[in-house]
Amino acid sequence: MSDSKGHDEQADSAKAAVKLKEAMTYRALGKYESALKAIDDALSIQPDSTDAFLMKAIILAQLGLCSESIKCYDKLLAHNPASTIFLRLKAATFEIQGSFAKAEECFAKAVELEPNNVELRLNLANSYKKQKKFQDALKCYQDVLEHDDSNPQIHYLVGTMFGNMNDYGKALSSFDEALRLKPDFSDAKLAKGIILTKLGRKDEAKQCTDELLETKKESAPQKDAEFVSLNDSCRQDYEAAKKRFRQTYSPQQ
C-alpha cells in the first residue's frame, strides 16, 4: 500500500515538473499568462509544490500583481514559517507595492529568526529609512557595528541617519570614521563636505570638495564593489530562485 502511494507521489511529482518546464519555456518567451496557466496546472497535480508557488509569486510580482504574489508567499510561509528567504521576498514585494510598514514586519520577523544575519538587519534598516523612521534605522546600523566595527559602509550609514536627525556633530564623527577606514570612500567624503557646510565650516567643506574632485580625476567614477545595495540581498534570493528554476526545469533537461 505504501509502495503504491510512493509510486503515485513520484508520478505526480514528474507530471508537475513537466508543467513547470512548460512554464519556464512560456516565461522565456514572454508568454506570462500561459506560464501562469502551466504553473496552476502543476499545482492542481501537486498542491503543495514549493517550486510552483515560488515561481508563480515571482512572475506575478513581475507583472505588478503584488497582492496575488503575496498570497503565494503566504502559502509558502504557512508550510515553512521559518524561511527567511520567503520573508525577504515577501517583504520586497510589499516594497514594490509601496507597503513599507508591512515590509518592515516581514524583515523584523526575519531578524527574529536569524538575529546574527547582518544582511537581514540592513534590510530592516532600509525599510525603516524608507518610512523616515531614522532612529529605528540607526539602531539597526549600530547593532551591526557591535559585530563589525571595521565596516566603513555601516559607519557611513550611521552618519546619514544622524544627518537626517540634524545631529551634525555625530554625523561628522561617523563620516570621519568611515574615511579613516576607507580614505577613498567618495560618498563619505561628499557627505562630510555637506555636513561641514551645514556647520558653517566652509573652508573645510571646500577642502573636501577639492579632494573629491582630485580623486575623480585620478580614477573613473565607480561604485565601491564591496558595498552592496541594501536591497541586493533580496535580489540575490530572487536571482537564486530563478537560477534554480532554470537548472531544474530547463526544457533541455
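The values are calculated or read from the model by the stated rules, or taken from the named source; none is laboratory data. Predicted model only: the values in this text are computed from it and were never measured. Using ideal geometry, Cβ is built from the backbone for each residue, glycine included, and neighbour counts are taken over all protein chains shown.
In this structure, does Ala78 turn out to be touching a residue at least 12 places away in the same chain (Cβ under 8 Å) and either aliphatic (A, V, I, L, M) or buried (at least 16 other Cβ atoms within 10 Å of the Cβ) (or both)?
No.
When you check Ala23 against the structure, is it in a helix (DSSP H, G or I) and touching a residue at least 60 places away in the same chain (Cβ under 8 Å), yes or no?
When the stated conditions are applied, Ala23 passes them.
It is to be established whether one or more residues within segment 43-65 are buried (at least 19 other Cβ atoms within 10 Å of the Cβ) and acidic (Asp, Glu).
yes
Condition first: under 26 Å from Val111 (Cβ atoms) and polar (S, T, N, Q). Now tell me which residues in segment 48-82 satisfy that.
Across segment 48-82, the qualifying residues are Thr50, Ser67, Ser69, Asn80.
Suppose the filter is surrounded by fewer than 16 Cβ atoms within 10 Å (Cβ to Cβ) and either touching a Cys at 6+ places or on another chain (Cβ under 7 Å) or not hydroxyl-bearing (Ser, Thr, Tyr) (or both); does Asp149 pass it?
Taking the combined requirement at face value, the residue satisfies it.
Please enumerate the residues belonging to segment 178-198 that are in a helix (DSSP H, G or I) and of a type in the set (Asp, Glu).
Asp187
Out of Pro115, Pro81, report the one residue that is assigned to a loop (DSSP other than H, G, I, E, B) and within 25 Å of Glu9 (Cα to Cα). Step through it out loud before you land on a result.
Working: Pro115 fails: within 25 Å of Glu9 (Cα to Cα).
It is Pro81.
Which members of segment 188-206 meet the condition of being among the acidic types (Asp, Glu) and touching a helix residue (DSSP H, G or I) at 6+ places or on another chain (Cβ under 6 Å)?
Glu204
Show the residue pairs meeting these rules: Cβ distance below 8 Å; 6+ apart or different chains; first residue within segment 113-127 and within 19 Å of Tyr156 (Cβ to Cβ); second residue assigned to a loop (DSSP other than H, G, I, E, B).
Val118/Asp148; Leu122/Leu230; Asn123/Leu230; Asn123/Asn231; Ala125/Leu230; Asn126/Leu230; Asn126/Asn231
Among (1) outside any loop (DSSP other than H, G, I, E, B); (2) surrounded by fewer than 20 Cβ atoms within 10 Å (Cβ to Cβ); (3) among the aliphatic types (A, V, I, L, M); (4) in contact with a helix residue (DSSP H, G or I) (Cβ under 7 Å, 6 or more places away or on another chain), which single condition is Leu138 missing?
(2)
Yes/no per residue for (1) buried (at least 21 other Cβ atoms within 10 Å of the Cβ); (2) outside any helix (DSSP H, G or I):
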{"position": "Leu145", "(1), (2)": "no, no"}
{"position": "Gly159", "(1), (2)": "yes, no"}
{"position": "Ala171", "(1), (2)": "yes, no"}
{"position": "Asp176", "(1), (2)": "no, no"}
{"position": "Gly200", "(1), (2)": "no, yes"}
{"position": "Leu213", "(1), (2)": "no, no"}
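Out of the residues in segment 178-190 meeting the condition of being among the hydrophobic types (A, V, I, L, M, F, W, C) and under 19 Å from Gln142 (Cα atoms), tell me which one is surrounded by the fewest Cβ atoms within 10 Å (Cβ to Cβ).
Here is the first cut: in segment 178-190, the ones among the hydrophobic types (A, V, I, L, M, F, W, C) are 178-179, 181, 185, 188, 190.
Those still in the list that are under 19 Å from Gln142 (Cα atoms) too: 178-179, 181, 188.
Details: Ala178: 25, Leu179: 21, Leu181: 17, Ala188: 27.
The extreme case among them is Leu181.
Let's see how each residue does on (1) modelled with pLDDT of 95 or more; (2) touching an Asp or Glu at 6+ places or on another chain (Cβ under 6 Å); (3) within 30 Å of Ala14 (Cα to Cα):
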| residue | (1), (2), (3) |
| --- | --- |
| Val158 | yes, no, no |
| Met161 | yes, no, no |
| Lys206 | no, no, no |
| Glu214 | no, no, no |
| Glu218 | no, no, no |
| Pro221 | no, no, no |
| Asp224 | no, no, no |
| Tyr238 | no, no, yes |
| Ala241 | no, no, yes |
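Tell me which residues, restricted to segment 158-209, are touching a residue at least 24 places away in the same chain (Cβ under 8 Å) and among the aromatic types (Phe, Trp, Tyr).
Phe162, Tyr168, Phe185
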